[in-house]
Amino acid sequence: HKYDEAEKAFHESQTAYEKVNGKVGDGYHAILSARIVNCHYRGKPDQALEWQKQLQGSPAGKRAYGDVAASLGNFYHGRGDLSRADGYYREALQAFNRNIEDDLLRYAETNLMLATLCADQGNTTESMQRIAESQAIVEKRKGKQSVLYFVTLIRLGEVETQADKLPAAAAAFGEASVLLPSLRNVPPSERSILLNGLGELAAKSGDFRKADS
């Protein structure tokens with residue numbers, strides 16, 4: 001979290017890279033991406049505007065900016081700045097090229113983030129639509145035996161619970177619970193979301209002993 005020191009290191013990296021390769025290539029885009037995000041962490045987003053323009057000025061850079069915008073959406077979402085987070089998530093979705101396999105999956109993942117934000121804003125309809133879109137992409141490209149598909153299920157369960165559609169929420173959380181033991185590398189945060197969702201669902205159903213467990 002020493003963001004000013006990080007900025008000095010990124011600046012040195014960029015200077016060294018430009019001497020060898022100029023202002024092109026994935027390495028250059030990676031450095032600019034890191035500096036942009038770090039500027040926001042430092043509370044100085046205006047300093048990143050020129051670098052954002054550089055990324056958005058080419059197809060390869062635009063793809064890199066998709067990851068930046070998704071990260072910034074997540075950052076501002078966590079800070080409770082829902083309006084700014086919404087804008088960055090939508091910028092990210094526009095930046096990804098859905099004709100490219102990796103971009104399509106990144107689109108699906110970011111789309112789930114935006115779906116969660118929509119639910120937080122009370123827009124259940126758009127949230128459900130976005131979850132369904134991501135779920136269809138992930139099932140086709142990765143199959144159901146994947147961590148990302150597991151994430152779509154627990155996001156669906158969360159939104160269904162918020163909308164008081166308890167049978168649908170139970171079905172989504174139940175499928176996720178069955179899938180979980182067969183998956184590797186599920187982040188602890190996602191396991192926690194599943195358990196919290198099951199607890200909230202049990203509480204809404206009146207089973208407080210189960211919710212407490």
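Let's see how each residue does on (1) in a loop (DSSP other than H, G, I, E, B); (2) on the phi < 0 side of the Ramachandran plot; (3) buried (at least 16 other Cβ atoms within 10 Å of the Cβ); (4) not small (G, A, S):
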residue	(1), (2), (3), (4)
G174	no, yes, no, no
S189	no, yes, no, no
I193	no, yes, yes, yes
N196	no, yes, no, yes
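Among the candidates A168, A163, A202, A172, the residue that is modelled with pLDDT of 95 or more, of a type outside the set (S, T, N, Q), out of contact with any Gly (no Cβ under 7 Å at 6 or more places or on another chain) and within 22 Å of T124 (Cα to Cα) is uniquely A168. Across segment 144-171, the number of residues qualifying as crowded, with 24+ Cβ neighbours inside 10 Å and among the hydroxyl-bearing types (S, T, Y) comes to 1. In this structure, is L112 under 24 Å from G174 (Cα atoms) and among the aliphatic types (A, V, I, L, M)? So L112 passes the test. With respect to Y65, is the statement that it is in contact with a Gly (Cβ under 8 Å, 6 or more places away or on another chain) and open to solvent by less than 30 Å² (accessible area, probe 1.4 Å) true? For Y65, the condition - in contact with a Gly (Cβ under 8 Å, 6 or more places away or on another chain) and open to solvent by less than 30 Å² (accessible area, probe 1.4 Å) - is not met. The residue of segment 1-21 that is least open to solvent (accessible area, probe 1.4 Å), among those that are among the aliphatic types (A, V, I, L, M) and closer than 18 Å to N38 by Cα, is A6. A single member of T161, T152 is among the hydroxyl-bearing types (S, T, Y), under 26 Å from D212 (Cβ atoms) and either in a helix (DSSP H, G or I) or under 21 Å from the mean Cα position of the chain (by Cα) (or both), and it is T161. Any chance you could count how many residues in segment 68-93 are surrounded by 15 or more Cβ atoms within 10 Å (Cβ to Cβ), polar (S, T, N, Q) and farther than 16 Å from D103 by Cβ? Going through segment 68-93 one residue at a time, the tally reaches 1.
The values are calculated or read from the model by the stated rules, or taken from the named source; none is laboratory data. Not measured: the values here are computed from a predicted model. Cβ coordinates were reconstructed from backbone atoms using ideal geometry, including for glycine residues, and neighbour counts include every protein chain displayed. Accessible surface is based on the protein model in full, side chains and every heavy atom, while ligands, DNA and RNA are left aside. Shrake-Rupley method; radii C 1.70, N 1.55, O 1.52, S 1.80 Å.
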